[in-house]
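Working notes, structure below.
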Amino acid sequence: MLEPSTDAAPSYREAGVDLATADHIKRRLKEIVEPTLDDRVVTEVGGFAGGYDLALTTDTGSVLVASADGVGTKVLVAQLANRHDTVGEDLVNHCVDDLLAAGARPLFFLDYIATGKLDSEVVLSIVTGFARGCAANAIPLLGGETAEMPDLYPVGKYDLAGFAVGSMIARWGASENRVRIGDVILGLRSSGLHTNGYSLARRIVFDIAGQQPGDGVPWAETSWADELLAVHRSYLRPVESLLRDDGLHAAAHITGGGFAANLVRVLPPGSSAVIDRSAWTPGPLFDYLATVGDVASDEMYRVFNMGIGFCLIVAAERANEIARQCQASGEPALTIGEVVAGEGLQWA
């Protein structure tokens, strides 16, 4: 028979999990999350799950589309800079852009935060970013989870994940690929690295160049923290209205793997995307990484978005009008390529 220990019984807090701090954070989170809710949300903040009334959506499609993602090692930049309110917004926008590329408008978002030890100010700052992103995209932050796991994550470290659900516009539900030879490829500019390529970027900036987050960049009156934590853009405003336009044949979110890994996803067999790299200037951040890191051009375009965060593949006869609509929404659209016979990706 086992004898009871004579030592003091261990508590959950002594094991590394502080329930009191968790309860404090949950109470504060309600104040941050509630402003993102609307009349389609049928549950209260803090329940076991979030409820959303599909009958109150205005889309004609009946297909739900879901996306999940993270921000990779960009969180290490946030932790190094002690600036935590941007990475949550990154995640919302990243997931929204993935939904748009699938022909869906976003309905709601959920988040997941995992950390070694709960720091209420850090968690609340992260969720403020989630809420800001949700408000900007007019979707509710429907729910989430904050997990304290002391033996899995070191103190001061955390990771994030985001999950978004959208409603597919009816015309996108057909199985036939609408991309045709002769289609024009329009590019929408990125705000920097977005959420990809940070393992290489961090190595170049912090290890090779020896920079610190607060140091100024050589091309502007901003810091490395400003440049590397620039928020991943949402393309909802220019793209949402185009999802019902027959002139838009496909869309691609340019994330990890660059053009080669993302644009070719939407091409039918027997077609190739020809991209003219002279159609835009990637920007000084990309020039710096290539020069200081001695990174070959092909590798740069394989790892980073190189200044183009989203592509629209449109009918040639509608290209000018769709570009005009993008411009009217405040989003210049650059003609960066075309679809030709062949396979895969080609550079002009």
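Readers should treat all values here as calculations from the given coordinates under stated rules, not as data from a laboratory. It should be emphasised that the depicted structure is a prediction, and the values quoted were computed from it without experimental measurement. Methodologically, a virtual Cβ is constructed for each residue, glycine included, from the backbone with ideal geometry; neighbour enumeration extends over all protein chains shown.
Give, in nm to one decimal, the length gained when the segment between Met149 and Asp246 is fully stretched (0.36 nm per residue of separation minus the Cα-Cα distance).
Difference between extended and current length: 30.0 nm.
Estimate the FRET efficiency between Val340 and Glu299 by the formula 1/(1 + (r/R0)^6), using the beta-carbon distance for r and 25 Å for R0, to the nearest 0.05.
0.50
Which of the lysines could be linked to Lys157 by a straight reach, that is with a Cα gap under 16 Å, when you skip same-chain ones fewer than 8 residues away?
Lys74, Lys117
Once you have the Kirkwood Rh of the chain from its Cα pairs, apply Stokes-Einstein at 4 °C and 1.567 mPa s and quote D in µm²/s.
Once the numbers are plugged in, D ends up at 60 µm²/s.
Rounded to the nearest Å, what's the spacing between the alpha carbon centres of region 273-322 and region 130-148? Just the number, please.
First find each Cα centre; the distance between them is then 30 Å.
If you take the Cα Rg of region 84-149 and divide it by 2.2 N^0.38 Å, with N the number of residues, what do you get?
Expressed relative to 2.2 N^0.38 Å, the Cα Rg reads 1.13.
Only Cα pairs under 8 Å and at least 6 apart count here; give the relative contact order of the chain as a rounded whole percent.
21
Please report, in debye to the nearest 20, how large the charge dipole of region 165-270 is about its Cα centre when each Lys and Arg carries +1 at its beta carbon and each Asp and Glu carries -1 there.
With Lys and Arg at +1 and Asp and Glu at -1, about 360 debye.
Tell me what the chain gives for mean residue ellipticity at 222 nm when only DSSP H runs of n ≥ 4 count, each as -39,500 (n - 2.57), the sum divided by the residue total, rounded to 500 deg cm²/dmol.
Theoretical 222 nm ellipticity from helices: -8000 deg cm²/dmol.
On average over all directions, what projected area in square nanometres does region 234-287 have, based on the convex hull of its Cα atoms?
About 5.3 nm², averaged over all directions.
Cβ neighbours within 10 Å, averaged per peptide: list 150-158, 165-173 in order, most packed at the top.
165-173, 150-158
What number, in percent, do you get for the relative contact order of region 19-172 if the mean sequence gap of Cα pairs under 8 Å and at least 6 apart is divided by its residue count?
36
Taking the inverse of the average 1/r across all pairs of different Cα atoms in region 19-172, what Kirkwood radius in Å do you get?
Across region 19-172, the inverse of the average 1/r is 15.8 Å.
About its Cα centre, how strong a charge dipole does the chain have in debye, to the nearest 20, once Lys and Arg get +1 and Asp and Glu get -1 at the Cβ?
660
What distance in nm separates the simple spin-label points at Arg178 and Glu317, each placed 7 Å from Cα in the Cβ direction?
My value for the distance between the label points is 1.5 nm.
So for region 184-347, averaging the separation of alpha carbon pairs under 8 Å that are six or more residues apart and normalising by length, what relative contact order in percent results?
Answer for region 184-347 is 43 percent.
Extending each Cα 7 Å along its Cβ direction at Ala49 and Arg237, get the distance between those two points in nm, one decimal.
3.6
If you put +1 on each Lys and Arg Cβ and -1 on each Asp and Glu Cβ, how big is the dipole of region 74-129 around its Cα centre, in Debye rounded to 20?
I would put it at about 60 debye.
Put +1 on the Cβ of each Lys and Arg and -1 on the Cβ of each Asp and Glu in the chain; which of Thr281, Leu118, Gly143 then has its Cα farthest toward the positive end of the dipole?
The listed residue farthest towards the positive side: Thr281.
With N set to the residue count of region 211-252, report its C-alpha Rg divided by 2.2 N^0.38 Å to two decimal places.
Compared with the compact-globule rule of thumb, region 211-252 sits at 1.91.
Distances over 20 Å make up what percent of all Cα-Cα pairs in region 151-250?
More than 20 Å apart: 62 percent of the Cα pairs in region 151-250.
If you add up the charges near Leu76, with Lys and Arg at +1 and Asp and Glu at -1, over every other residue whose beta carbon is less than 14 angstrom from its beta carbon, what do you get?
With Lys, Arg at +1 and Asp, Glu at -1, the neighbours total +2.
What is the spread of the Cα atoms of region 184-347 along each of their three principal axes, largest first, in whole Å?
50, 34, 22
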